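The values are calculated or read from the model by the stated rules, or taken from the named source; none is laboratory data. Just so it is clear, the structure is predicted and the values come from calculations on it, not from any experiment. For neighbour counting, all protein chains shown are included, and Cβ atoms are generated from backbone atoms with ideal geometry for every residue, glycine included.
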Amino acid sequence: MFGLIGRMRAQQGKRDELIELLLASTDAMPGCLSYVVAQAEDDADAIWITEVWDSEADHKASLSLPQVQEAIAKARPLIAGFDSHVRTVPVGGAGLPR
């Protein structure tokens, strides 16, 4: 499995709009086992995204999907930046294969 955890910053006051766009593009992504978008408790403009994929190749392929490309184009003006980005190797957990 392949995982990513990242903290994204929305333009001031645009977090909810950005979250809606991120969640609207997550249906039917082959190889995606989990895609969780969460609000940061300590920052009104920050978002945490946690992803688990069957493989890194599946993640890379998802970036070419039409719905993901459309979401990226719409989200780009709402994104202020990225605070952190960590690659992980998930080994299991609730909802994931062992």
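Applying the criterion of being touching a residue at least 40 places away in the same chain (Cβ under 8 Å), among the aliphatic types (A, V, I, L, M) and assigned to a helix (DSSP H, G or I) to the residues of the range 9-21, the residue that is surrounded by the most Cβ atoms within 10 Å (Cβ to Cβ) is LEU18.
Among what's in the range 19-39 and is of a type in the set (Gly, Ala, Ser) and touching a Phe, Trp or Tyr at 6+ places or on another chain (Cβ under 6 Å), pick the residue that is nearest to PRO66 (Cα to Cα).
Among those residues, the one meeting the criterion is GLY31.
Looking across the range 22-44, just one residue is closer than 17 Å to PHE82 by Cβ, in contact (Cβ under 8 Å) with a residue 24 or more places away in the chain and buried (at least 17 other Cβ atoms within 10 Å of the Cβ), and that is LEU22.
Within this structure, GLU70 passes the test of being charged (D, E, K, R) and under 20 Å from ALA10 (Cα atoms). Between ALA73, ALA80, ALA57, the distinction of being among the small types (Gly, Ala, Ser) and modelled with pLDDT under 95 belongs to ALA73 only.
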